[in-house]
Amino acid sequence: MPMSQSFKERLFPIAEQLVEHFGSPFHVYDEVGIRETGENLKKLFAGVEGFREYYAVKALPNPEILKLMFDMGFGFDCSSIGELVLSRQVGGRGEDIMFTSNNTNQTEFEVAAADGGCILNLDDISLIDKVPEFPELICFRYNPGPRRTGNVIIGNPVEAKYGVTHDQVVDAYRQAQKRGAKRFGVHTMVASNELDYTYMVETARMMLEIVELVEGELGIQFEFINIGGGVGIPYQPDQAPLDIAAMAAEIEEQFKAFREKHSYVPRMYMESGRFMTGPHGCLVTSAINYKNIYRNYIGVDACMSALMRPALYDAYHHIDVIGKENVPKDQVYDVVGSLCENNDKFAVQRELPKIDEGDILVIHDTGAHGHAMGFQYNAKLRPKELLLRADGSVQLIRREETLDDYFATLKFDDNVFLAKQG
Ligand SMILES: *Cc1c(COP(=O)(O)O)cnc(C)c1O
């Protein structure tokens, strides 16, 4: 069930004009779809006290998209200085921002504390003494290790570099208290692209248990739990979406039970990236070459610099050909870019309608971890980004990279080091 029917109905009729006006390739995002997903999330979780989504900025770090999130009352999940700065540029301040770095350096701590600060989410107990000015509100990322398995993509928590272990977690908060912390939260991220909602419910349960554990040992009350991102989307046409309504209902039950037992309840945060924007973006690219060797290849004007997921994860992205939605899929193609890497393929042995040069292809579900993951290897530059507004207008929200951008890091004064002679 990739890309919504509504997005298709608004995009496909204007796709050709968009290509004429802006030139291909481009990613285009759907304001209506993003807002609907966000409003629905708020509605479903309204029964969970203090629910807040912190949009995972890395999924689609474009200020126009972040403004939509902020407008819906969402905060930002950041893990780098660039993401912090971006979130602040669109108005995020203080507790609007959750900073979940790992292998954190001093500059990151400084920027995190500057400019109104943020919720600092520490990845390790060794970092407690390295925080220059310890904040009053502190959070730790919890790694359940062998207590939790099952999510296919993120893998076994024992092998994950993130977070404090189960045995360290009480001590982490104790040490934070010693450094002056007075307000507390706890965070985890144990799933990626998970379609089974019960996995997310289990994560919420696990976090409430950690809250109980630490409260029992140290007598501190937690202000929030953050269950991280990882809510999946169906990329394959026959996949069912995650049952977000059931997820919300079951988590609400847990929070109600917690309140009855403890007479208070922490707020619940989550930091979805993919779920919020993934299906509401697509990569529009033109067929420029057809090649018939051992296989049939359709060469398009985008390449993996615009979308890494197929090459990186062997990920499936559904493809439509504009104007040929009802043409029988009686051809088998590899749809490829021009990068000198044989895994630069958007689709492998895909059944598609017969594609002619000049046809416009729509590669679905590029609204999260799409453009953002692009790179410049092979001097293949990243394409532009467009936003289909609620009023039907289409706005350029990032231009394509140019050769000037590519060469920008080569313009500097000579800087030559000569070792001192002993
Ligand atoms: C990547 C990431 C997210 C978002 O993950 P999605 O799978 O896009 O929901 C959230 N939190 C953290 C800490 C992350 O690293």
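Listed values, structure above:
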read-out: Evaluation of residue 128 against (1) open to solvent by 40 Å² or more (accessible area, probe 1.4 Å); (2) over 20 Å from the mean Cα position of the chain (by Cα); (3) of a type in the set (A, V, I, L, M, F, W, C) (one fails), failing number; value: (1)
read-out: Selection status of residue 29, farther than 30 Å from residue 161 by Cα and within 16 Å of the ligand (Cβ to nearest atom); value: yes
read-out: Residue that is farthest from residue 233 (Cα to Cα), among those in the range 304-318 that are open to solvent by less than 50 Å² (accessible area, probe 1.4 Å) and out of contact with any helix residue (DSSP H, G or I) (no Cβ under 8 Å at 6 or more places or on another chain); value: 311
read-out: Candidate set: the range 155-170, residues that are over 17 Å from residue 121 (Cβ atoms) and touching a residue at least 12 places away in the same chain (Cβ under 8 Å); chosen: the one surrounded by the fewest Cβ atoms within 10 Å (Cβ to Cβ); value: 158
read-out: Residue 219 being farther than 20 Å from residue 54 by Cα and either without any contact (Cβ under 8 Å) to a residue 24 or more places away in the chain or open to solvent by less than 40 Å² (accessible area, probe 1.4 Å) (or both); value: yes
read-out: Failed item, numbered, when residue 181 is tested on (1) part of a loop (DSSP other than H, G, I, E, B); (2) surrounded by fewer than 19 Cβ atoms within 10 Å (Cβ to Cβ); (3) of a type outside the set (D, E, K, R); value: (2)
read-out: Subset of the range 107-125 [in contact (Cβ under 8 Å) with a residue 24 or more places away in the chain, on the phi < 0 side of the Ramachandran plot and over 22 Å from the mean Cα position of the chain (by Cα)]; value: 107, 124, 125
read-out: Residue in the range 231-239 that is small (Gly, Ala, Ser), open to solvent by less than 30 Å² (accessible area, probe 1.4 Å) and within 16 Å of the ligand (Cβ to nearest atom) present; value: yes
read-out: Complete set of residues in the range 245-297 that are more than 16 Å from the ligand (Cβ to nearest atom), of a type in the set (Phe, Trp, Tyr) and surrounded by 14 or more Cβ atoms within 10 Å (Cβ to Cβ); value: 255, 258, 290, 297
read-out: Residue count, the range 319-333 (criterion: open to solvent by 20 Å² or more (accessible area, probe 1.4 Å) and hydrophobic (A, V, I, L, M, F, W, C)); value: 3
read-out: Qualifying residue in the range 334-354 (condition: away from the ligand (no atom under 16 Å from the Cβ), open to solvent by 60 Å² or more (accessible area, probe 1.4 Å) and under 24 Å from residue 13 (Cβ atoms)); value: yes
read-out: Conditions (1) of a type in the set (S, T, N, Q); (2) surrounded by 16 or more Cβ atoms within 10 Å (Cβ to Cβ); (3) in contact (Cβ under 8 Å) with a residue 40 or more places away in the chain; number of the one not met by residue 104; value: (3)
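Residues are listed down the side, and each one gets a yes or a no for (1) modelled with pLDDT of 95 or more; (2) exposed (fewer than 11 other Cβ atoms within 10 Å of the Cβ); (3) away from the ligand (no atom under 16 Å from the Cβ):
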site	(1), (2), (3)
356	yes, no, yes
369	yes, no, no
372	yes, no, no
382	yes, no, yes
392	yes, yes, yes
407	yes, yes, yes
421	no, yes, yes
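The values are calculated or read from the model by the stated rules, or taken from the named source; none is laboratory data. These numbers were taken from a predicted model, which means no experiment stands behind them. Here Cβ is always computed from backbone atoms with ideal geometry, including for glycine, and neighbour counts include all displayed protein chains. The accessibility values were calculated without ligands, DNA or RNA, using every heavy atom of the protein model including side chains. Shrake-Rupley method; radii C 1.70, N 1.55, O 1.52, S 1.80 Å.
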